[in-house]
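Worksheet: one structure, shown below.
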Amino acid sequence: MQNNSNLTIPKIEQISNSVQLLYLKVRNGEIELNKISLLNIIEDYLTYLLTTHSESINLEIVANFLVEISELILWKSNLLLPLSQKQIEEEIKNDTIFLKEDYWIEYKKYQSLVKILAEKEFKQREIYLTCFNSLNKDDEIPQENSFSELIFAIESILVRNNSKSIIDFENNEVNIVIKMEEIEENFLKNKNQLTFSQMIYKDCPKIEIIIIFLALLQLICQGKVDYIQSQNFGEILFYRKEDKKLKKKNTQ
Amino acid sequence: MVNITCREAEEIKKAIKSLQEEYQLNNRPFFIQEVSGGFSFATKPEYFTWIKKLYNNDKKYVLSRASIETLAIIAYNQPVTRMEIEKIRGVDCSSVLLNLLKNGFIKVKGRKKIPGNPFLYRVTEKFLLHFGLKSVSDLPPLEELEMQNEKNEIT
């Protein structure tokens, strides 16, 4: 009994205020509605009303509670429904806004770097370099022959060659084996060195260019032929592999 | 230079430094610039107009903003694929890359082992020479640039 006398019964305004606070917090996204049992709140409120204010109730305060709690019920029940197309679009839009922010931060870094490089370019434009000697030339890794260079070469030759655009596979007499033999013979005639343009005669059909290219690839795979390209988009020089040392001596 | 002189690289560097100081003291029209991991004689910028007349034409490239942007991305992320560059730039880069390849600012250095095997690009010595850089590490770190951008936004 002593304990009961010490208990202070909260006023109805206080309870309504706490529900209002809950309503505001849910609306601002500070509290997850999923984690709150609205049924418990309503039951507690009803028992409180029946026990303390059974004779006279301030309808204005109770009405506020009813509006707020019904709004919360509506929101909670909406959470159970699948998202509408509009909501999905809105969520995607919000996500992309975040992504765009990250993207801009990343992009801005490079933008400021562009400024630095442009300044350096401007300064360097007024300076003429006479020669260039690297101290660590020996440490440099020799540049490997890239297959991409071969692809570039065949592509540019095919573009330049305006002969038959339709490839006649059926009536073609040349094959890779014959072409490989031909190339090897040509190597012997031309001091074991050949360029791509030397292998292709005037008005050479596209099919033959492709066969020459495939034959060269086959010879490279067999280890009989290798190639070098002195500069980007420059002429590719093919040579018999065993004569690499001789070629080096010649270039020196 | 190491092979020709049969001296240590450090010794050569010291000699070059003393030459640099000497040229500066005597107010010579040229100086030695450390560029692209090596050294080169370079003319002073104040003589640019005269040297330009001597050569009769200005052969130096002036890169577009798009080209510099692409080079910056490659320099920081090399080896890098076209798709990775495009992801940062947000636009198609194939023509810019082709021009940079043609002019020797970048080179193809293998293929990435992912579906489609795209080409991997790297910057060349010409890139370093063009911007007067000793090496790629001569560029400011990206974190530093980010901090600088944040500071600028606050102010």
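Every number here is computed from the coordinates shown, using simple stated rules; none is lab data. Because the structure is a prediction, the values reported are computed rather than measured. As a convention, Cβ positions derive from the backbone with ideal geometry for all residues, glycine included, and neighbour counts pool all protein chains shown.
Can you tell me the relative contact order of region B:41-155? Whole percent, Cα pairs under 8 Å, sequence separation 6 or more. Walk me through the numbers on the way to the answer.
Numbers: 92 pairs, mean separation 23.5, N = 115.
Contact order relative to length: 20 percent.
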Inset, instruction - Starting from the Cα gyration tensor of chain B, multiply each eigenvalue by 5, take the square root, and state the resulting semi-axes largest first in whole Å. - result: 33, 20, 19
Legend entry - Of A:Lys191/B:Lys109; A:Lys115/B:Lys109; A:Lys120/B:Lys126, pairs whose Cα-Cα distance is over 22 Å: A:Lys191/B:Lys109; A:Lys115/B:Lys109
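Could you put B:Ile73, A:Ile42 in order, starting from the residue whose Cβ has the fewest other Cβ atoms within 10 Å?
Least crowded to most crowded, the residues run A:Ile42, B:Ile73.
Quick check on the exposure proxy: order A:Thr52, B:Thr70 from fewest to most C-beta atoms within 10 angstrom. List each step's numbers first, then the result.
Details: A:Thr52 13, B:Thr70 28.
Ordered from fewest to most neighbouring Cβ atoms within 10 Å, A:Thr52, B:Thr70 come out as A:Thr52, B:Thr70.
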Legend entry - Average beta carbon contacts from partner chains per residue of B:63-72, 10 Å cutoff: 4
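Counting only other chains, and only Cβ atoms inside 10 Å, what mean value do you get across the residues of B:127-133?
Working: counts 1, 1, 3, 5, 8, 7, 3.
For this peptide, the per-residue mean of nearby foreign Cβ atoms is 4.
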Inset, instruction - Work out the mean other chain Cβ neighbour count within 10 Å for the residues of B:31-44 and drop it here as an integer. - result: 5
Inset, instruction - Past 32 Å, Cα to Cα, is the threshold; run A:Lys108/B:Lys13; A:Lys224/B:Lys134; A:Lys86/B:Lys113; B:Lys112/B:Lys151; B:Lys14/B:Lys44; A:Lys108/B:Lys14 against it and keep the listed order. - result: A:Lys108/B:Lys13; A:Lys224/B:Lys134; A:Lys86/B:Lys113; B:Lys112/B:Lys151; A:Lys108/B:Lys14
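222 nm [θ] for chain B, helices only, -39500 (n - 2.57) per DSSP H run of 4+, per residue, to 500? Walk me through the numbers on the way to the answer.
Details: 8 runs with 79 residues, N = 155.
After summing the helix terms and dividing by residue count, I get -15000 deg cm²/dmol.
When you count, for each residue, the other Cβ atoms within 10 Å and take the mean per peptide, how do A:75-82, B:39-46 rank with the highest first?
Numbers: A:75-82: 10.2, B:39-46: 17.2.
Result, highest mean first: B:39-46, A:75-82.
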